[in-house]
Amino acid sequence: MVLFKKAPFFLSIIFLIALLLRVVSLDSIPIGLHGDEASIGYNTFSLFKTAKDQDGHFLPLSVDQFGDFRAAGYQYIDIPFIVLFGLNTLAVRLPAALFGALTIIIFYLLLTEFFENKTIALTGSFLLAILPWHINISRASSEGVISSFFVLLGVYLLYKAIKRKIFSLPLYVFSFLSFITSYFFYHAARFFVPAFLPFLFALGFSRYPPTKEKTIGSIIIYFALLLGVIFFLTAGGGTGRVSQVSLLNISGGTKEVKQFTDEDGRQNPLISRFFHNKLYYYGRLFLTFYSQHFSLDFLFVNNGDPIRYKLINTGNLYLIEAPFLLLGFAILLYEGIKQKKYLFLIPVTWLLIGALPAALTWEDLPNVMRANLMIPALMMIVAFGFYETLQLTKGTLRQFVIVVCALILFQNTALFLHNYFYHSKIHEPWYRSAAEEELVYTVNNFVKEGKDIIMTTDRNNNLIFYLFYLKFDPKRFQNLGSPREKDRLVFEHMTFRYSPCPVSEIDPIKDAYKYKNTIFVVKTDNCTIPKNAEILKTIPTPDGLPAFYIVQLIQ
């Protein structure tokens, strides 16, 4: 196609589109700052000020956010943004947004290297630039987006090394460094890379026979990356989050296995175990969770969990992409197996392995974050399917297909952008802690007046919001023992309560004098306000519904 002869120009336009879709109104959309984002911001602030995280750990590899240990890469890369913009929403979200946009360029280079076709490469890059799934997670302080960038870069460099006739040490070294860097950001890469690389080597070398040096280099880099996985999972509490959501630690455990073996009664134990065992139990769960990430509902209708990433009336992919995904997958699979074009099996393998990190967990499924490594493979296949569709048409029919697809894609994209940038600000914004900023500033004004605060922290992690929005001195926080949020935690002039309605737990008449200088912060749902209590202020969510009441007893 003539248009694609000016690939650098069009790639620049696509990158600009991707950048704008990821940074415009980034400080206000998505609405509210989620607890994970506030934790990332405050720990970054703490590292900048003290070289320690909020718990006082010096230059940690993992950060304990809320009883877990998450890879600390994002906190380190966020330091320059905190320095430039201060501790605020924009500074916390900007790294993921920028790396999300930069991913478009690496993806273009990878597609060009793989398909050796700039039409497919530009098409895939454009589709990734406007993809709801990728835009959604790029705008929400996502460690996974940055990790995926380095995974893509590592695959690109390694594939270039595989294609070369002579061994290229720099390409192997830099691909290794890129993969290791991806480990530093997100757990999913630590599962995906070791699982995918054997297929990349096998399929790549089927087309480009390796030299002795390349064979040795491939073996070394693979086992070095395996050692990297072991290191990151064992150093600094790296298994914390992995263990917390692991399929093997699913809530309820093997209760079902025990139930069925008990129901077998006096049947031979060997027979009972043959039918009811952990292998079958966990295997069935794995297949259930794995298949959810390939469902039409997850891909094209409702985009999955966690709920704070929910898109309104939008799937992770656009509906117009569905036929090209099916066609592209079928052709790649057929050509790869029947025609022995084994390189065509790389996107297929990538897609199938990309869902593994999510399927090995039990929480918030199907999961848009843990399955985000499916995204590059999906866009490869869709772009290839669209290209193959054009090859099956000619002249006026081809132009008709292009125009119709462009119009439908425009409608799909416009609907997503309308829902995301307009409706998401007021449509059920209850799960993104959108009322906490006003709450913190309001409570702090009462603290300045010498009031004691009893604040609900029911499902809200209000301590981290207090630290974030007030830019609480990290050194001082560490000197206080880096207290963790718990029921009845006393911090400064505040007592945090897990109860959604702490004012209901006292006798409002007898205790009126005792609590005359106390301000209660309660959830508005299922909270009965005593008759001798005054609601001083209502803190609403962006849709106007009340989220918190600020209450004081009247003597």
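The values are calculated or read from the model by the stated rules, or taken from the named source; none is laboratory data. Being a predicted model, the structure only gives us computed values, none of them experimental. No Cβ is skipped: glycine too gets one built from the backbone with ideal geometry, and neighbour counts run over all protein chains shown.
Below are the figures for this structure:
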{"item": "Residue check, Thr541 touching a helix residue (DSSP H, G or I) at 6+ places or on another chain (Cβ under 8 Å), under 22 Å from Leu467 (Cβ atoms) and not hydrophobic (A, V, I, L, M, F, W, C)", "result": "yes"}
{"item": "Conditions (1) within 22 Å of Met379 (Cβ to Cβ); (2) in a helix (DSSP H, G or I); number of the one not met by Gly315", "result": "(2)"}
{"item": "Members of the range 350-368 that are touching a strand residue (DSSP E or B) at 6+ places or on another chain (Cβ under 9 Å) and closer than 17 Å to Gly315 by Cα", "result": "Asp364, Leu365, Pro366, Asn367, Val368"}
{"item": "Of all residues in the range 54-81 being charged (D, E, K, R) and in contact with an Asp or Glu (Cβ under 8 Å, 6 or more places away or on another chain), the one that is surrounded by the most Cβ atoms within 10 Å (Cβ to Cβ)", "result": "Arg70"}
{"item": "Residue in the range 527-535 that is crowded, with 18+ Cβ neighbours inside 10 Å, assigned by TED's automatic domain parsing to the domain that holds Glu449 and under 19 Å from Glu437 (Cα atoms) present", "result": "no"}
{"item": "Selected residue [over 30 Å from Ile539 (Cα atoms) and either in contact with a Leu (Cβ under 9 Å, 6 or more places away or on another chain) or among the polar types (S, T, N, Q) (or both)] from Arg432, Arg370", "result": "Arg370"}
{"item": "Filter result for the condition that a residue is closer than 28 Å to Ile337 by Cα and at pLDDT 95 or above, over Val151, Val173", "result": "Val151"}
{"item": "Subset of the range 6-24 [within 15 Å of Ala96 (Cβ to Cβ) and surrounded by fewer than 16 Cβ atoms within 10 Å (Cβ to Cβ)]", "result": "Val24"}
{"item": "Residue satisfying condition, being under 29 Å from Ile14 (Cβ atoms), out of contact with any helix residue (DSSP H, G or I) (no Cβ under 6 Å at 6 or more places or on another chain), crowded, with 22+ Cβ neighbours inside 10 Å and not acidic (Asp, Glu), within set Leu131, Leu84, Leu98, Leu110", "result": "Leu131"}
{"item": "Enumeration of residues in the range 499-519 that are surrounded by 14 or more Cβ atoms within 10 Å (Cβ to Cβ) and of a type in the set (Ser, Thr, Tyr)", "result": "Ser499, Ser504, Tyr515, Thr518"}
{"item": "Failed item in (1) outside any helix (DSSP H, G or I); (2) surrounded by fewer than 17 Cβ atoms within 10 Å (Cβ to Cβ), with Val522 passing the rest", "result": "(2)"}
{"item": "Selection status of Lys471, assigned to a loop (DSSP other than H, G, I, E, B) and either assigned by TED's automatic domain parsing to the domain that holds Phe58 or touching a helix residue (DSSP H, G or I) at 6+ places or on another chain (Cβ under 9 Å) (or both)", "result": "yes"}
{"item": "Subset of the range 303-338 [under 30 Å from Gly35 (Cβ atoms) and either without any contact (Cβ under 8 Å) to a residue 24 or more places away in the chain or among the hydrophobic types (A, V, I, L, M, F, W, C) (or both)]", "result": "Ile307, Leu311, Ile312, Leu317"}
{"item": "Verdict on Lys160 being out of contact with any Ser or Thr (no Cβ under 6 Å at 6 or more places or on another chain) and farther than 28 Å from Leu16 by Cα", "result": "no"}
{"item": "Members of the range 42-91 that are over 18 Å from Thr234 (Cβ atoms) and aliphatic (A, V, I, L, M)", "result": "Leu47, Ala51, Ile77, Ile79, Ile82, Val83, Leu84, Leu87, Leu90, Ala91"}
{"item": "Subset of the range 209-223 [assigned to a helix (DSSP H, G or I) and surrounded by 14 or more Cβ atoms within 10 Å (Cβ to Cβ)]", "result": "Lys214, Thr215, Gly217, Ser218, Ile221, Tyr222"}
{"item": "Complete set of residues in the range 234-247 that are surrounded by fewer than 19 Cβ atoms within 10 Å (Cβ to Cβ) and either at pLDDT 75 or above or polar (S, T, N, Q) (or both)", "result": "Thr234, Ala235, Thr239, Ser243, Gln244, Ser246, Leu247"}
{"item": "Set Pro483, Pro508, Pro530, Pro500: member being touching a Lys or Arg at 6+ places or on another chain (Cβ under 6 Å) and either under 19 Å from Phe446 (Cβ atoms) or assigned to a loop (DSSP other than H, G, I, E, B) (or both)", "result": "Pro500"}
{"item": "Verdict on Glu321 being buried (at least 23 other Cβ atoms within 10 Å of the Cβ) and more than 25 Å from Phe191 (Cα to Cα)", "result": "yes"}
{"item": "Where a residue in the range 55-66 is on the phi > 0 side of the Ramachandran plot and its partner, wherever it lies, is part of a loop (DSSP other than H, G, I, E, B) and not hydrophobic (A, V, I, L, M, F, W, C), with Cβ under 6 Å and at least six apart", "result": "Gly56/Ser482"}
{"item": "Within the range 250-279, considering residues that are under 19 Å from Thr361 (Cβ atoms) and modelled with pLDDT of 75 or more, the one nearest to the chain's Cα centre (by Cα)", "result": "Ile250"}
